[in-house]
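J.: Quick one: the structure is below, questions incoming.
No lab work stands behind these numbers, since they all come straight from the coordinates. Remember, predicted model here, so these are calculated numbers, not experimental data. Virtual Cβ from ideal backbone geometry, glycine too; neighbours counted across all protein chains shown.
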Amino acid sequence: MKEAVELYEAGKFEEAYKLFLKLATKERDSEAQLYLGMMYEAGEGVHCDVEQAKGWYRKSYRQHNLDAGFRLQSIEQSTNCRC
């Protein structure tokens, strides 16, 4: 997880995405799921996709990640298109 976060913070989104995806799917890591949601919401290394972002936030929130719950609520209450 540490390596993925470092890549993300360095702006190496494509590389970070691959690591986050592996962690999120194989290990069901809620923090990786949160980062994937953020990446889809902002279009960082992937095409901007609010529905994908919501899906990753939901998965993370189901594991009690409160940051993901906040972001999910924020997207759902927003009337502005983010992409």
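J.: Where nothing but the Cβ of Lys and Arg (+1) and of Asp and Glu (-1) is charged, how large is the charge dipole of the chain around its Cα centre, in debye to the nearest 20?
T.: 320 debye
J.: Assuming 1.306 mPa s and 10 °C, estimate D for the chain with Stokes-Einstein, Rh taken as the Kirkwood radius over Cα pairs, in µm²/s.
T.: Reported coefficient: 128 µm²/s.
J.: Turning to a different aspect of this structure: Fully extended, how many nm does the chain gain between Cys48 and Phe70 (0.36 nm per residue separation, minus their Cα-Cα distance)?
T.: That pair, Cys48 and Phe70, stretches by 6.0 nm at full extension.
J.: Over the chain, what is the relative contact order in whole percent, taking alpha-carbon pairs under 8 Å and six or more residues apart?
T.: 22 percent
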